[in-house]
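The values are calculated or read from the model by the stated rules, or taken from the named source; none is laboratory data. Note that the structure is a prediction, hence the values are computed from the model and not measured. In this analysis, Cβ positions are derived from the backbone assuming ideal geometry, glycine residues included, and neighbour counts consider all displayed protein chains. Just the protein is used for accessible areas: all its heavy atoms, side chains included, with ligands, DNA and RNA removed. Shrake-Rupley method; radii C 1.70, N 1.55, O 1.52, S 1.80 Å.
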Amino acid sequence: MPLLSITGLSKNFGGLTALSGLDMSLEDGEMVGLIGPNGAGKTTVFNLVSGFYQPSAGRIVLDGRPTSGLRPHQIAALGVARTFQNIRLWYEMSVLDNIRVAQHYRMGYGLLDVFRRTARYRRSERRIDAIAHELLEAMDLSQYAHERPKNLPYGLQRLVEIARAMSMRPRLLLLDEPAAGLSSADVDHLIDLVRRIHDEFHVTIWMIEHQMKVVMSLCSRIKVIDLGSSIAEGSPERIQCDPAVIKAYLGDETL
Amino acid sequence: MEYFFQNVLNALQWGSFYALIALGYTLVYGVLSLINFAHGDIFMVGAYVAYFAATMFLGEVGLGPGVTLALIVPLTMLATACVGVALERIAYRPLRRKGAHRLYVVITALMCGLILENGNLALLGASRKSFPELVPTTVYAFAGLSVTNLKLAVIATAVAAFAVLHFIVTKTKIGLAMRGIAWDSFAIPLMGVPPDRIIVFTFILGSGMAGLAGVMFAMAYPVLEPYMGALIGWKAFIAAVIGGIGDIRGAFLGGFLLAFLEIGVAAVFPSTMRDLIAFSVLLVFMWQRPTGVFGVARNQKI
Amino acid sequence: MDQTDEQRPMQKYSLNMAMAAALVGVVALAQVGAIDLYVQSVLMFMAINVIMASSLNLVNGFMGEFSCGHGGFMCVGAYVGSVLSMMLFTDSHLYGAALLPPQWAVALFPLVLLGGGAAAALAGVIVAVPSFKTRGDYLAIITLAVNYIVISAVHNLDIVGGPRGLTGMRPTIMAMGQVVDLPWMMIWVLVGATGCLFIIRRYVNSTYGKGVIAISQDEIAAEIMSVNTNRLKLITFMVSSGLAGVAGALYAHVVGYLNPGAFDILKSTEAMVMVYLGGMGSLSGSVIAAVLFTLLLEVLRPLQIYKWVIVPLILILLMQFRPEGLMGDKELSDIFPRLRKYFTFK
Amino acid sequence: MSRLLEVTGLRARYGKIDALHGVDFHVERGEIVTLIGANGAGKTTTLMAISRARPPDGPRVKAGDIRHQGQSILGLAPEKVVSELNMALTPTGRRIFGNLTVGENLSLATYARRDDKAGIKRDYQRVYDLFPRLAERRRQRSESLSGGEQQMLAVGRALMSRCSFLLLDEPSMGLAPLLVQDMFRALQALNREGMTILLVEQNAKLALKFAHRGYVLSTGEIVASGPCAQLMDDPEVKKAYLGG
Amino acid sequence: AGCSQEPETIKIGFNVELTGDIPKVGESAKFTAEMIREEINAQGGLEVGGKKYPLEFIYLDNESKPESAVNATLKLVEQDGVMAMIGPNSSKCAVPAGGVCNERQTPMISPWSTNVDTTKGRPWVFRAAFLDSFQAPVAANFAAKQFNAKTTAVLFDISNDFSKAMADTFKQVWEAKMGPGTVLAFESHGAKEQDFSAQLTKIIAAKPDFFFLPDLYNHVALVVKQARHLGYAGPFMGPDSWASAELMALCGKDCVGQFFSTHYAAAGAQGATKDFIDRYKAKYGYVPDDVAALNWDATHIMLQAIQNVGKIDPDLSAQRKAVRDALANIKQFDGITGKMRFDAEGDPIKCAVVVRIAEDGQFIFTESVCPE
Ligand SMILES: Nc1ncnc2c1ncn2[C@@H]1O[C@H](COP(=O)(O)OP(=O)(O)OP(=O)(O)O)[C@@H](O)[C@H]1O
Ligand SMILES: Nc1ncnc2c1ncn2[C@@H]1O[C@H](COP(=O)(O)OP(=O)(O)OP(=O)(O)O)[C@@H](O)[C@H]1O
Ligand SMILES: [Mg+2]
Ligand SMILES: [Mg+2]
């Protein structure tokens, strides 16, 4: 059974069709790319999967369970984490707290525990803390634990966002243009990092990216969409030579 | 039937005041997302300026009531515009420059309002002022309805003010810049737009409107007191929000909606329950329409 | 920050102990008459304002909403608390004979406070549920509406005196005095304020409560990052309004008289001023601001009308110099790290 | 004649944190100059300082000078930089006006222009030709545009201001490869018509290919400079900034 | 802390509404008290037991808020060591302040409060204004007779306890007299509101014989004008809250010919009353309102009681006790609002007058009603 399967997914905004009849399925442990021209509907797909939008038509099934009608935090609790195209950290909270809060769904204690600081509360807080520190360690961010993200350079903010998503220990990680705004050197670092995360945490990754270097070197399979529907799917090599993809997206020459 | 239409007339006139004040309110509010709690008090200052000017023109200068009216309207608008701009320069702008959270500016506005109210009380004493009758009131009675010339004038003024402001905001470049600042005041100078000038212009327009409302109000309800603007300021805030923050059409419509709600409830239910029912309706309305009539939520797209 | 609770037990309890000591000290001073009733009264209103400011800070500061109807919740708590108190412990012409022996008030008075708090917390639901969809200034209007609704409801309830107000809760306090002669009102108010701070402090320092801060900064991200924003908003509004209700119940017993007019927008704006003066999201800020504000109003009373010109002027100047409030979003221990040696804020 | 833009010993800080420690560079009229460097090197800070835009938490210039044709512009208001010096900045994070439609955003950028309607109309056409997507979405509220569409709008806005000097902060961010090529081609064409461009790009390879001269910025200091071809061959630069 | 030294002055506290809802009330109270103080001190002070003591009046603003009134009272009683307190005027301040005075055993007179709770069960608290239960029948009886009325309508301010209580009592009295359902409309408005068109439209549609308006004079001016504009032609009747010279400044000719019940009629007043009015007018430029008159009487009764004590006891609490007893024992006090004394609850027994508003704006005495 695929981890995520999408069938006939459509989304309209008023008269505008952002997505029409998309099919897709992700197997457990895969790393897949999603590319397409600007405004093709890629982010919309992620928004639908993470529950921020409700689909106009079609189904999203996560590990055998349809997600329609679920609120985003419930979908997150099912194991879907994501990053955002425009970074959305909690800028005035410390990096550490950012990562703590993302573990909300598994706090496992109630309001009264908070007031009484019960053993359950303390145990849970300790675990949350431990996971946060572990992740910061793994991503080389420990020295920034008490910084506020707004004071960090853009590249680090991207990493913090990935760390935050990973602290949820998701089964499916959606990365929306993780390399945007990263310098060439940092892109290489990112590629390594994503690969490491994928291997270490056995997480399924689906990423949108315009930097071909990233998709081509990471993904085993790539989906290309344009104007809200699929135009190609296959291995990086196949996609790179697909004339439709070249025409709509890649362009045939460089500067 | 008569009862119904009479109340429609009542609501129209009362709504005109809400609309008139909410228009000025929403301008500043829309541009700076500053809930200008001092707006009601600028309105009060307007009424007082009009009062002093009118008594002076009528008394010492000896002008006729018509000329007096023609003079005090621009004079008052000018005076309140000055008050508005002064508040902006002295109190709000430095805070904005320092990057204060908008609510600190809001609290400052609240404090400015208090200073205006109580400063007036301390300066002029607690005696209320009676606004002189500039236009003899004529009551037109027809089909069991009665309406005064003043009511009609107020409604007309509100409509005219709306038309002018709506034109400025939607059709002119300065209006475009005003809407731009509302979204992102940092990016606006990058477009070559001088933000301070736009903001001052907004305050002139908004506070001028408060002055206009002050004159009209003083004529219709000729009892002036230092706290007269406090409640109506809050109501204008409500009206502006019901309509949708920062939308001129919203402020206009919101003013009338609020008045129709208040007057409608008082007309149908026991008036002792008016606030209870009217605000419950309002609550449900805002719950069902989380961004008012015309408002658009920010952040629909991530 | 890095030491765990177990490592520094002294540090962990020192704040609580200091607060308890201060409390006992003040009560003792009052008992021996070293501070007169006027000062006591000012202290009590200070403490009530501390509750109001810190509970509103939960919503306006930590959660980043703009509630301007906090007075309404105080009103609910004040009335429900008073009615409970009168029903339970006093013979009143409104609610008949006391249900319990009045002396029991010494032990059971917290019931009155809890009752007031619970009722106000329920009223908080009226705001919390719309807050699922409605945000920002649109929600502010809803809070304002609730404030109006509460007052209008009281106006129409003759059983609590309507516009004429309600008297008769002082005897409950008097009854306590007959059991043991202590400044009971003072004790309850101080205990209430301390308890309130205790609750809020624990709340905002838990991962649970940190979600509230996340909501204030980016609600959409919070929801997508697994924070149940609706539940959190509901709880935060209820805690906040519930504490305002406790403040109301205390207020009622201090003043001995309730009038719906005392809980209008003016009261709400007072609480707002204290929150922003202290700093959004700073609990110590709220406490400091509440104390300063109450003191300022009291000290300047002889200025009569000019007080209300000078106080706003002072506040405007203060904000010009500290545009993020006295404390910003920091706590005392962040500003004076040395204090960390003596206590943890967590 | 003095240089179009000359930056000398520029130091800037955020609060108490130094971001630039004395940056020197210059741009001649008609040039394309690029500023490259790792994340956090201070590229955005430099552009912000030049544009004079001062958001409350933005950088403050502490020392050094920025001269435009020999005149210091440190005392100039940001809107004057656009309207009088004809320098337009496309900021990072796009900062489009989400409550305005696409068309209104473009129109707002012409605020300071005093030329004829026809000229403005021609420029609209130019932008819409370059980004046909924007023409389709002319009446859409720009907040709901996709990330890349917003980026197009941000660049389009800079073009609409009809400034003779463009400061571009990562214009290619979030754009599809095809479009990046189109856009750089269009910029090249504009440059041939006399437009001066100061470009900040993460994609250093692309930037060096496109520009005449380049500067390499590292933790607030210029560490290398020269004609692009030369920089591209510099092994140090290659290793640190061009990636594998 | 009581100091046992003989005091040099007589300290009286004034708990007044200088800011908040009703600054005019506070201003009148303060103006009146200042006038009294200046007059008496000009003669060397108040003579008690053969010795003259200068008066020291301490004014504290209660902001028209209950909690502030409590604090102000405590400050006066505990820190300033006043012998007695005058005020607060509004019931919402006077009720809690009265509680404090009673607990702290300090005599207090509220000049203007009409809420029963102010004095009820509080031996230390007195008032100068008559109660609604006395005034409402006066107004009802007069209106029934004068307008030959069978039906009426009421508009009151729901945020104002005085207005609401007066309206309730009046309704009760009227229906007891004329039968149920004869109050055709019973409408209210909120604090600081200026437009009453909806309520008035309702009232006018009910066609009452007359219109009872227990509202503050500034509202009266607006209500009467708006009612006329909406086509109401019948008569109005009001209680003592109309009684301010400002009423005519605000209302003008619209109020001419209307009646209201009050404490005294300024026009044609004689003796001490006229003297007071003239001096007040000379000093402050306008005819004193009811609040001023009641404050005048309240202060003078208090001074009278102090004189009756006959000595100034260095022990403050003993002196307060003596003043309280003296107050309760006053057999008859000739005030400018008529002769009065206190009943067991500390409420005054005094006459009410009904006045008509004349063409020239004077309040003309029409009839006087005294309690049996
Ligand atoms: N909330 C919305 N309201 C209206 N239109 C929307 C909304 N969200 C997205 N769209 C439109 O849907 C289309 C797809 O948007 P989406 O953000 O999915 O694009 P994308 O593939 O992620 O593009 P990019 O690569 O530029 O980020 C766009 O044309 C956009 O204008
Ligand atoms: N608002 C801020 N507050 C504090 N420090 C900041 C702020 N913005 C940037 N900085 C710091 O200033 C330095 C330079 O940042 P700048 O944004 O100029 O870098 P950049 O070269 O544009 O990097 P990027 O490629 O990430 O855009 C960085 O170290 C960053 O952490
Ligand atoms: Mg996208
Ligand atoms: Mg940058």
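Solvent-accessible area assigned to carbon and sulfur over the range C:1-140 amounts to 72 percent, based on a 1.4 Å probe.
Between A:Glu147 and A:Glu27, the simple label model (points 7 Å from Cα in the Cβ direction) yields a spacing of 4.0 nm. A probe of 1.4 angstrom, applied to the heavy atoms of all protein chains, finds E:Lys171 with accessible area near 60 square angstrom. Both chains summed, the buried accessible area for A and C stands near 3200 Å², from protein heavy atoms and a 1.4 Å probe. Hey, can you list the residues from the range D:84-127 whose accessible area shrinks by 40 Å² or more with all protein chains present, relative to the chain by itself (probe 1.4 Å, no ligands or nucleic acids)? SASA drop of 40 Å² or more in the range D:84-127: D:Arg95, D:Phe97, D:Asn99, D:Leu100, D:Glu104, D:Leu108, D:Tyr111. Local charge for E:Ala143 was computed over the other residues whose Cβ lies under 11 Å away, with Lys and Arg +1 and Asp and Glu -1, and equals +2.
Which percent of the accessible area of the range B:206-302 is formed by carbon and sulfur heavy atoms (probe 1.4 angstrom)?
68 percent
In whole angstrom, how long is each semi-axis of the equivalent ellipsoid of the range E:218-337, when you take the square root of 5 times every eigenvalue of its Cα gyration tensor and sort them from largest down?
Equivalent ellipsoid semi-axes, largest first: 39, 15, 12 Å.
Pairs exceeding a 20 Å alpha-carbon distance, out of E:Lys30/E:Lys283; C:Lys210/C:Lys330; B:Lys129/E:Lys192; A:Lys42/D:Lys205: A:Lys42/D:Lys205.
Per-residue 3J(HN,Hα) values for the range B:78-87, derived from phi via the Karplus relation 6.51 cos²θ - 1.76 cosθ + 1.60 with θ = phi - 60°, read 4, 4, 5, 4, 4, 4, x, 5, 4, 4 Hz in sequence order (x marks Gly and Pro).
Residue-wise HN-Hα couplings along the range A:53-66, as the Karplus relation 6.51 cos²θ - 1.76 cosθ + 1.60 with θ = phi - 60° gives them from phi, are 10, 9, x, 6, 7, x, 10, 10, 10, 10, 6, x, 10, x Hz; Gly and Pro carry x.
In the full protein context, the range A:91-154 carries 46 Å² of accessible surface per residue, based on a 1.4 Å probe and ignoring ligands, DNA and RNA. Largest first, the residues E:Thr201, D:Thr101 sort by 1.4 Å accessible area into D:Thr101, E:Thr201. The C-B contact accounts for roughly 4100 square angstrom of buried accessible surface, both chains included, probe 1.4 angstrom.
Tell me which residues come under 5 Å, amide H to amide H, from D:Val23 once H is placed; ignore anything under 5 positions away on its chain. Amide H to amide H, under 5 Å and 5 or more residues apart or across chains, D:Val23 pairs with D:Gly9, D:Leu10, D:Arg11.
Over the range E:1-134, accessible surface divided per residue gives 28 Å², non-protein components excluded, 1.4 Å probe. Residues of the range A:164-191 that bury at least 50 Å² of accessible area when the other protein chains are present, relative to the chain alone (probe 1.4 Å, heavy atoms, ligands and nucleic acids excluded): A:Gly181, A:Ser183, A:Ser184. With a 1.4 angstrom probe, the accessible area lost at the C-E interface totals about 2900 Å².
Summing +1 for each Lys or Arg and -1 for each Asp or Glu among the other residues whose beta-carbon sits under 14 angstrom from that of C:Leu277 gives -2.
Heavy-atom accessible area, probed at 1.4 angstrom with all protein chains present, ranks C:Ile35, D:Ile50 as C:Ile35, D:Ile50, highest first.
Apply the a/c threshold of 1.5 to the C-alpha gyration tensor of the range E:1-68 and tell me whether it is rounded, prolate or oblate. Judged from the Cα gyration tensor, the range E:1-68 comes out oblate (a/c at least 1.5, b/c at or above a/b).
Accessible surface of the range C:201-292, 1.4 Å probe: 63 percent of it comes from carbon and sulfur atoms. Solvent-accessible surface, computed for protein heavy atoms with a probe of 1.4 Å, shrinks by 20 Å² or more for the following residues of the range C:31-49 when the other protein chains are added to the isolated chain: C:Asp36, C:Leu37, C:Tyr38, C:Ser41, C:Phe45.
Can you give me the C-alpha center-to-center distance between the range D:207-244 and the range B:118-145, rounded to a whole angstrom? Cα centroid of the range D:207-244 versus Cα centroid of the range B:118-145: 75 Å apart.
Taking amide H atoms as placed 1.01 Å from N in the peptide plane, the amide H of D:Leu167 lies under 5 Å from those of D:Ala88, D:Leu89, D:Thr90, D:Leu198, each 5 or more residues away in sequence or on another chain.
Only helical runs count toward this figure. For chain C, summing -39,500 (n - 2.57) over DSSP H runs of n ≥ 4 and dividing by all residues gives -22500 deg cm²/dmol at 222 nm. From the Cα gyration tensor of the protein assembly as shown, with a ≥ b ≥ c the square roots of its eigenvalues, which class applies: rounded if a/c is under 1.5, or else prolate if a/b is larger than b/c, or else oblate? Note, shape of the protein assembly as shown comes out prolate. Distances between placed amide hydrogens fall under 5 Å for E:Glu367 paired with E:Val354, all partners being 5 or more residues away or on another chain. With the Kirkwood sum run over all distinct C-alpha pairs, the range A:91-154 has a hydrodynamic radius of 12.6 Å.
Quick one: check the C-alpha center-to-center distance for the range B:179-249 versus the range C:70-91, whole angstrom. Comparing the Cα centres of the range B:179-249 and the range C:70-91, I get a distance of 40 Å. Is the shape of the range B:1-288 rounded, prolate or oblate, going by the alpha carbon gyration tensor and its root eigenvalues a ≥ b ≥ c, with a/c under 1.5 for rounded and a/b larger than b/c for prolate? The shape class here is oblate.
Per residue, the range B:1-288 exposes 32 Å² of accessible surface when a 1.4 Å probe is rolled over the protein heavy atoms with every protein chain present.
How big is the gap, in Å, between the Cα center of the range C:34-56 and the Cα center of the range A:177-255? Value for the Cα centre distance between the two parts: 63 Å.
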